[in-house]
Amino acid sequence: METVLQIAALALMVIGTLFSFIGVIGFIRMPDAYTRLHATGKVSVFGIVFLLLAAILLTPLSLWKGLVLILFVLLGSPSVAHSIASAAYRIGLPMSNPARDDLKGKMEQGDGKD
Amino acid sequence: MSRMIQISLPLFIVYLALTGNLEPANLVVGALVAVGISLLRPQMDLQSVALKRLPRFLWAAIRYIFVVAGDVIRGGISTARIVLDPALPLNPGIIAIPSGSISELGTALSAHSISLSPGEMVVAIDDRGVMYTHCLNVDESEKFVAEAQSLRQNLLSRMFE
């Protein structure tokens with residue numbers, strides 16, 4: 001039983017690390033602030049959830065504490081991504097090659113030099 | 001009174017989950033902390049759920065959690081796939097999505113779950129509840145977004161209206 005748990009935790013840890021790593025690659029490869037937030041806000045969060053699941057199996061972290069932490073991560077990360085994106089748009093950071101922009105002219109914008 | 005219970009009961013459950021200790025002394029401390037914090041709260045306009053509608057609310061809430069969980073998994077994998085694609089297939093843009101919800105809470109929850117779903121992230125919300133959403137692939141998102149939003153909106157309205 002112990003071994004099975006350890007193998008499962010190991011698999012979760014590898015998946016979690018892999019997704020965190022892909023999140024960092026995304027942060028480097030993506031062209032502008034908005035697309036980078038997709039990489040950090042989704043892929044990295046996916047990685048963190050898997051790492052927390054591994055921690056529940058392998059460390060003295062209790063199941064409920066782990067689940068509450070996962071809930072907080074899932075509640076917090078979209079809010080953070082939204083507020084960074086909103087701030088970026090507000091100060092006028094440009095998008096690279098936007099296909100369309102329905103928000104244009106509907107929000108007070110700076111010139112991107114702040 | 002019911003407002004106080006509405007805030008302090010979830011706080012109490014979170015406290016117990018975080019301490020992981022069901023001894024009577026800890027239960028008393030948890031209850032005191034929860035009630036104390038609920039007394040300190042600012043005046044919030046929470047939507048209350050009538051007791052007879054509770055089963056319906058819970059059923060819709062559970063289905064909603066599964067829909068969001070599916071979005072998280074698909075969102076993580078599909079964004080990871082875009083990141084790892086050598087060609088980096090991006091067609092970014094901001095599209096307007098009407099939330100279809102009247103209440104602020106409904107709009108906020110819609111915006112939260114859109115930000116978790118694949119390739120979409122809410123940048124701004126206007127007074128009428130229109131969510132301006134940044135998409136990694138505009139054409140693809142526009143095709144699926146109306147359907148996904150009506151599913152979410154359906155579950156949310158079962159929960160709160």
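Values quoted throughout were computed directly from the atomic coordinates according to the rules given, and no laboratory measurement underlies them. Here the structure is a predicted model, which means the values were calculated and not measured. Note: ideal-geometry Cβ built from the backbone for every residue, glycine included; neighbour counts use all protein chains shown.
May I ask you to verify whether B:Asp126 is touching a strand residue (DSSP E or B) at 6+ places or on another chain (Cβ under 9 Å), farther than 20 Å from A:His82 by Cα and without any contact (Cβ under 8 Å) to a residue 60 or more places away in the chain? It is false that B:Asp126 is touching a strand residue (DSSP E or B) at 6+ places or on another chain (Cβ under 9 Å), farther than 20 Å from A:His82 by Cα and without any contact (Cβ under 8 Å) to a residue 60 or more places away in the chain. Within the range A:81-102, being surrounded by 15 or more Cβ atoms within 10 Å (Cβ to Cβ) and more than 9 Å from every other protein chain (Cβ to nearest Cβ) holds for A:Ile84, A:Leu93. Total residues in the range A:1-26 satisfying the condition of being under 30 Å from A:Pro94 (Cβ atoms), more than 8 Å from chain B (Cβ to nearest Cβ) and surrounded by fewer than 17 Cβ atoms within 10 Å (Cβ to Cβ): the figure is 2. Do we have any residue at all in the range A:103-111 that's closer than 26 Å to A:Ile28 by Cα and of a type in the set (Asp, Glu)? Scanning the range A:103-111, I find at least one residue that is closer than 26 Å to A:Ile28 by Cα and of a type in the set (Asp, Glu), so the answer is yes. Scanning the range B:111-122 for any residue that is in contact with a Gly (Cβ under 7 Å, 6 or more places away or on another chain), within 18 Å of A:Ala99 (Cβ to Cβ) and not polar (S, T, N, Q) turns up at least one such residue.
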